[in-house]
Amino acid sequence: MARRNYYDIDDILAGQERVPCVLRADLDGLGSAGSGGASKVNRNARWALPYWMADRLNEEDYVDMEVSPVFSKRSNRMYAASPESMQLRTICQHFYQFGLQLGDMVPEIPHVLRDMYVQRVFKVARIAQQGQNVEALDFVQSLDKTEARMLKLCQQAQCAISDWHKNQAYALKRAAVVAAAGP
């Protein structure tokens with residue numbers, strides 16, 4: 001079972017991504033959840049379940065969980081071929097966190113994530129330093145939540161460095177209470 005942070009909203013949202021599953025047994029009383037008619041779901045029926053649910057049901061041997069299409073072998077080859085051109089926000093908004101959750105299931109996913117992250121992080125840092133242009137705007141719109149958070153931190157750091165160079169970083173200012181009292 002993947003380790004998840006119970007209090008991290010992004011981790012919770014990453015666990016909402018659906019993964020394909022195959023039922024291992026006939027289940028009575030669940031058919032009305034999806035179809036409204038029959039109350040029995042037959043063995044070998046295919047369902048797309050949220051990862052958090054599929055992972056637990058897989059542990060209990062109720063379903064066989066398959067790899068999400070987001071991290072299929074074909075997708076992983078595309079990520080390796082051109083990591084900077086991937087539109088991660090449209091593929092999966094919490095791409096890296098979802099991938100880390102699936103890391104126990106598919107051993108190659110952490111390597112794919114690392115290689116992709118390393119190549120994309122340089123471009124994120126460059127955009128934070130140089131500002132955004134038309135090319136950068138397309139890339140920024142493709143960032144997943146982790147990369148977008150990193151871009152924001154890099155931009156804040158760049159502003160702090162700029163303020164420090166202008167001697168504005170730690171300038172002492174008169175408090176409003178003292179200023180109101182007069183000289």
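The C-beta contact set for the range 90-111 (first residue of a type in the set (Val, Ile, Thr), second residue not in a helix (DSSP H, G or I), distance under 6 angstrom, 6+ apart or interchain) comprises 106/67; 109/103.
Listed by position, the helices (runs of 4 or more DSSP H) contained in the range 82-183 that have at least 1 residues being modelled with pLDDT of 85 or more, closer than 23 Å to residue 8 by Cβ and out of contact with any Ser or Thr (no Cβ under 6 Å at 6 or more places or on another chain) are 88-91, 95-102, 109-130, 145-165.
Among the residues of the range 18-45, how many are modelled with pLDDT of 85 or more and in a loop (DSSP other than H, G, I, E, B)?
Looking only at that region, the number is 4.
Residue count for the range 51-84, restricted to those that are surrounded by 13 or more Cβ atoms within 10 Å (Cβ to Cβ) and touching a residue at least 24 places away in the same chain (Cβ under 8 Å): 21. Checking the stated criteria, residue 15 turns out to be open to solvent by less than 80 Å² (accessible area, probe 1.4 Å), on the phi < 0 side of the Ramachandran plot and at pLDDT 85 or above.
Could we say that residue 99 is over 30 Å from residue 137 (Cβ atoms), among the small types (Gly, Ala, Ser), open to solvent by less than 80 Å² (accessible area, probe 1.4 Å) and under 13 Å from the mean Cα position of the chain (by Cα) here? No: the conditions fail for residue 99.
The values are calculated or read from the model by the stated rules, or taken from the named source; none is laboratory data. Remember, it's a predicted structure, so these values are computed and weren't measured experimentally. As a convention, Cβ positions derive from the backbone with ideal geometry for all residues, glycine included, and neighbour counts pool all protein chains shown. Ligands, DNA and RNA are stripped out before the accessible areas are found, and what is left, the full protein with its side chains, is counted by its heavy atoms. Shrake-Rupley method; radii C 1.70, N 1.55, O 1.52, S 1.80 Å.
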